[in-house]
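Data first, discussion second: the structure below is written as structure tokens.
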Amino acid sequence: MDPLEIARWQFGITTVYHFLMVPLTIGLGLLVAVLQTAWHRTGREEYLRMTKFWGKLFLINFIMGVATGIVQEFQFGMAWSEYSRFVGDVFGAPLAMEALLAFFVESTFLGLWIFGWDRLPKRIHLACIWCASLATILSAYFILVANSWMQHPVGTEIVEGRAVMTDAWAVFTNNTAMVTFPHTIFGAFAVAGGFLLGISWYHLYKRRSAGIDTVDAQGRVVVGEDPELGRNRDRTDHAVWLKSLRLGAVVAMVSFAGVAFSGHAQAQLMFEQQPMKMAAAEAACHDGTGFSVLTIGNLGADGATTCDDVVAVYEIPGLLSFLANDDFTTEVKGVNTLLPEYQEKYGTHLPHDSIYGDRAGQEINYLPLMEVTYWGFRLMITFGGLAAFAALVALWMTRKGTVPDNRWISRLAVVGILAPFGANSAGWIFTEMGRQPFVVVPNPSFEGIDQVFMFTAAAVSPGVSAGEMLFSLVALTLVYAVLLVVELVLLTRFVRGGAGSAMPELNHRPGDGPQRDDDVLSFAY
């Protein structure tokens, strides 16, 4: 058992799991602020119900994201101490600002928002959710600044074997961060849009299947209500779900357009800064201009695909050149051209240094796992495109005020919630695994071997054994599995309860007797 491989699995599992919560928190938080603003300006009850219902789901997701995110920072010291020592002077600054500035702002104002219903003045209460939601976006910026420095180190020099920040402005305005930030934020809103769409479709279908809502001869909705279910299935309830669905669909489509344009800019930067990553993403073994629609290969003796095993089935001529250079003729370097360049710049074997342990002197493989980068890149695009197409179809199908009375379409809409989550996860797996064997990628604009970079093999904690690492991997995976069950149970319970799960007074039925006054903690509960 190799402690390095186990540590990478541990960080990968915990990070991908944590990032399932992050985009939903970012996207849903701002949408809740927009909905509360609509209620504040119009006074319409459907906006209040939408604010409280989606706000309840936002809180569940936020809390679980905080719980799983704490583990990330501990891992830097426990499993990746050499990495922490090397990058601490640079990496610590954006992480500290994320914790001390952004996170404290969002948690403070979120607390005021939770407990301030009917107690704070409406404008101040509204300002609280805006501060909290904008702080989540600011938090994402600081995290992405740190990650972008790992992808493209700037504003730094090596002092006594450590990276030392020399230009904070360069670090915080890194061109990699400037394109990664909007790409990530648009991806977060795509997740939130799909979330609204799928859940709202479910409730509109429940109203149709229960016979509450019907359609006339022209297919237009005839909104009904069920007094036996209290106000949780009245006419306003129909407006809650229809407006939520159409809002989610519009947000999803606009976000996909933003993801596409920002992703194009990000890809062009990657071709410049990490050419091997993009060559592996295209399984481009030779220089050329064609974008691979389908390439197949066989796993070699070491369990990975190499250029000896790759066969291009279908390519679109010129498209790869357009993605890289905005033209259709410039050839893009392939793996076979890049490998000798990497070996000349960074060596063919790991240095004989104690920091590498038993891996010292091993041959360096500069080619990332092509099966991961190739399919990760395509799954990201496919899931994102499917989510946007589904949003367009949903807008068209609900143009007459309701959804079809079809169980299978309803199930497909609910399952479709997963598509933007899959796109986000696939994109990050591609981004992080594509920079191997580096944990800090060399900046190609620097010259000489003294440039700032670090091999992943040098980053792992030297004093942690394989057995200890395996124990923490199994323990964390089991804990996270339990947390996943908890979150899914909570989300499912409140989703099925509809707006009444966030506003219990909506469930009050005729004949139930006097209604109990609400207390300050009920929304938090």
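Only lysines eight or more places from LYS345 in sequence, or on another chain, were considered; those with a Cα closer than 24 Å are LYS277, LYS333. Under the criterion of Cα pairs below 8 Å and six or more residues apart, the relative contact order for the chain equals 22 percent. Within the accessible area of the chain, the carbon and sulfur atoms contribute 65%, probe 1.4 Å, all protein chains present. Residue ranges 257-268, 472-483 sort as 257-268, 472-483 when ordered by packing (mean number of other C-beta atoms within 10 Å per residue, highest first). Based on C-alpha pairs under 8 angstrom that are at least 6 apart in sequence, segment 356-511 has a relative contact order of 24 percent.
Here the label points at THR214 and ARG235, each 7 Å from Cα along the C-beta direction, are separated by 1.7 nm in the simple model.
Using a 4.7 Å Cβ-Cβ cutoff, the cysteines of the chain lacking any partner cysteine are CYS128, CYS131.
Considering only VAL164, HIS183, LEU144, and ranking their Cα positions along the charge dipole of segment 116-255 that arises from unit charges at the beta-carbon of Lys, Arg, Asp and Glu, the one farthest toward the positive end is HIS183. Scattering from the chain was approximated by placing one identical point on each alpha carbon and applying the Debye formula without solvent; log10 I(q)/I(0) at 0.07, 0.10 1/Å stands at -0.45, -0.87.
Accessible-area rank, largest first, for PHE172, PHE74: PHE74, PHE172, with all protein chains present and a 1.4 angstrom probe. Ordering LEU31, GLY43, HIS18 by the projection of their Cα atoms onto the charge dipole of segment 1-59, which places +1 on the Cβ of Lys and Arg and -1 on the Cβ of Asp and Glu, puts GLY43 at the extreme positive end.
Seen against the Cα atoms of the chain and their longest principal axis, helix 418-433 is set at about 20 degrees.
Estimated translational diffusion coefficient (Stokes-Einstein, Kirkwood radius over Cα pairs, 37 °C, 0.692 mPa s) of segment 321-366: 256 µm² per second. Using only Cα atoms, find the angle between the long axis of helix 335-346 and the longest principal axis of the chain, and express it within 0 to 90 degrees, rounded to the nearest 10. Result, in degrees: 70. With all protein chains kept in place, the per residue accessible area of segment 149-218 amounts to 37 square angstrom at a probe of 1.4 angstrom. Comparing GLN218, LEU476, LEU101 along the charge dipole axis of the chain, the residue lying farthest to the positive side is GLN218, per the Cβ-charge model.
Pairs of Cα atoms nearer than 8 Å and 6+ residues apart set the relative contact order; for segment 186-279 it is 38 percent. A crude spin-label estimate for the pair VAL164 and SER107, with each label 7 Å from Cα along the Cβ direction, gives 3.3 nm. Rolling a 1.4 Å probe across the protein heavy atoms gives segment 72-136 an accessible surface of 48 Å² per residue. When you count the other C-beta atoms within 10 angstrom of each residue and take the mean per peptide, 365-378, 143-156, 111-124, 193-206 line up highest first as 193-206, 143-156, 365-378, 111-124. Helix 81-97 and the longest principal axis of the Cα set of the chain meet at an angle near 40°. Straight-line reach from LYS122: which lysines have Cα under 18 Å away, leaving out those fewer than 8 places along the same chain? The reachable lysines, counting only those whose Cα sits under 18 Å from LYS122, are LYS52.
In this label model, ILE13 and VAL489 are separated by 2.1 nm, measuring between points 7 Å along each Cα→Cβ vector. Partner aspartates and glutamates whose Cα lies under 18 Å from the Cα of LYS56, excluding those fewer than 8 positions away in the same chain, are identified as GLU45, GLU46, GLU106, ASP118, ASP237, GLU487, GLU505, ASP518, ASP519. Around the Cα centre of the chain, unit charges on the Cβ atoms of Lys, Arg, Asp and Glu (plus for the first two, minus for the last two) sum to a dipole of about 2760 debye.
The values are calculated or read from the model by the stated rules, or taken from the named source; none is laboratory data. This structure is a prediction, so every number in the text was calculated from the model and none was measured. Every residue, glycine among them, receives a Cβ derived from its backbone with ideal geometry; neighbour counts consider all protein chains shown. SASA here: full protein model, heavy atoms, side chains in, ligands and nucleic acids out. Shrake-Rupley method; radii C 1.70, N 1.55, O 1.52, S 1.80 Å.
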